[in-house]
1. For the range 28-104, what is the convex hull volume of its Cα atoms per residue in Å³?
2. Would any residue of the range 93-123 have its amide N under 18 Å from a label point 7 Å out along Cα→Cβ of residue 50? List them or say none.
3. Give me the distance between the Cα centres of the range 76-107 and the range 23-68, rounded to whole Å.
4. Counting other beta carbons within 10 Å of each Cβ, put 135, 57 in order, fewest first.
5. Given only helices, namely DSSP H runs of n ≥ 4 each adding -39500 (n - 2.57), what is the per-residue ellipticity at 222 nm of the chain, to the nearest 500 deg cm²/dmol?
6. Tell me, what are the semi-axes, in whole angstrom and largest first, of the equivalent ellipsoid of the chain as set by the roots of 5 times the Cα gyration tensor eigenvalues?
7. What order, most packed first, do the peptides 119-127, 26-34, 105-113 have when packing is the mean number of other Cβ atoms within 10 Å of each residue?
8. Measure nothing but the geometry: give the 0 to 90° angle between the long axis through the Cα atoms of 160-184 and the longest principal axis through the Cα atoms of the chain, rounded to 10°.
């Protein structure tokens, strides 16, 4: 069975990412063809990148890196739940991504983003990063605006349109993840 990780991409206190990720995960349970699991970057306890060698070498020295590499390697694709911080990606998620390299290669990735502009600028930056990691980013995306989808910037209230858009993300990530299995073999 194809395995897709829904990555919770913020570690801030009072963060909104868990609410959004739970919504994504709940809706994913109705999607056939893959299993979806939540992976919270905050639970990984990854310090600022502390590996002595570049990740592309695959020679990880630290136990936390080895555990993270094993976790990421076990998935066929990913959906990043990412906020937009200062017109770009959140540092904690970028740090987690930068820890490993080959474990991301030839896997599918989709995005659910949020922020004042729906997180679209963060996703544009993620697409460049995904290309460097040899990932296949899908066109479908869910972008959630603070103005329309969050009450008082604290409680997530998804619209029907956003919920419907998730289906395209699930479909595309699942199809690409399945197709890329042959490349990884």
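1. Once divided by residue count, the hull of the range 28-104 is 107 Å³.
2. Correct set: 93-100.
3. 9
4. Taking fewest neighbouring Cβ atoms as first place, the list is 57, 135.
5. -12500 deg cm²/dmol
6. Square roots of five times the eigenvalues give 25, 20, 14 Å.
7. So the order, starting with the most tightly packed, is 105-113, 119-127, 26-34.
8. That works out to roughly 20 degrees.
Every number here is computed from the coordinates shown, using simple stated rules; none is lab data. Fair warning: this is a prediction, and the values are worked out from it, not measured in the lab. With ideal geometry, Cβ positions are generated from the backbone for all residues, glycine too; neighbour counts draw on all protein chains shown.
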